[in-house]
Amino acid sequence: MSIKKKSTSPRLAETTRRSLKGKVEAPGSAQSAAERKAADAQARALIAKFAPAHEQLVSAVRKSLQKRLPTANEIIYEYRTWFVISYSPSEHGFEGVLAIRGDAVGVKFYFNRGKELPDPEKLLKGSAQVRFIDLESASTLTRPAVARLIDEAIAHNRVPFAPAGRGSVILRSASATKRPPRKAPKPSASAK
């Protein structure tokens, strides 16, 4: 008797890998309470560095999102003049659903797949896949139209959040992931 092996299309295999990855990775499983506390202190220092006038707002929004998505990883990227906190079911910021961006000018709340969300009140700004709203206060997140956008974003996320546990706080420097600058070309013989 021979056993026939099922053929799997590359797209189906990728979808399966993605869904398994989301189920296997348990956020917060690798970060101890002491590590989380240290990472959180670094995050607060980073926020104070880039957005001192908005420190309380970012703190309140973080608390709200941590309560709403307790298993989400907070992946914090530091750029030259701003920071981004992505709320992701994995350790990859690009799989995040929501994000906070802050700098000295203000705080924005991002929906990573915002272009796909129903937005009858036209609250979302931007023209790319990622859309945002300006945050004046943490209560902006509780407005019915904004709460619906958040619900939709979470419901349509491609990578599921873990059903239990606690997410990690992960700090990443965006400059560490950038490629080194290209070397200038050598001058040609005719330029001498």
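Assorted remarks:
- Complete set of residues in the range 42-77 that are within 21 Å of residue 164 (Cβ to Cβ) and out of contact with any strand residue (DSSP E or B) (no Cβ under 8 Å at 6 or more places or on another chain): 63, 64, 67, 68, 70, 71
- Subset of the range 90-101 that is over 8 Å from the mean Cα position of the chain (by Cα) and at pLDDT below 95 - its residue that is surrounded by the most Cβ atoms within 10 Å (Cβ to Cβ): 90
- Unique residue being modelled with pLDDT under 95 and buried (at least 17 other Cβ atoms within 10 Å of the Cβ) when the list is 124, 149, 141: 141
- Yes/no for residue 36 being buried (at least 16 other Cβ atoms within 10 Å of the Cβ), closer than 30 Å to residue 103 by Cβ, at pLDDT 70 or above and not aliphatic (A, V, I, L, M): yes
- Residue check for residue 159: in contact with a His (Cβ under 9 Å, 6 or more places away or on another chain) and within 18 Å of residue 93 (Cα to Cα): yes
- Test for residue 149: is it in contact (Cβ under 8 Å) with a residue 60 or more places away in the chain, among the hydrophobic types (A, V, I, L, M, F, W, C) and either in a helix (DSSP H, G or I) or under 20 Å from residue 47 (Cβ atoms) (or both): no
The values are calculated or read from the model by the stated rules, or taken from the named source; none is laboratory data. Being a predicted model, the structure only gives us computed values, none of them experimental. All Cβ positions, even for glycine, are placed from backbone atoms using ideal geometry, and neighbour counts span all protein chains on display.
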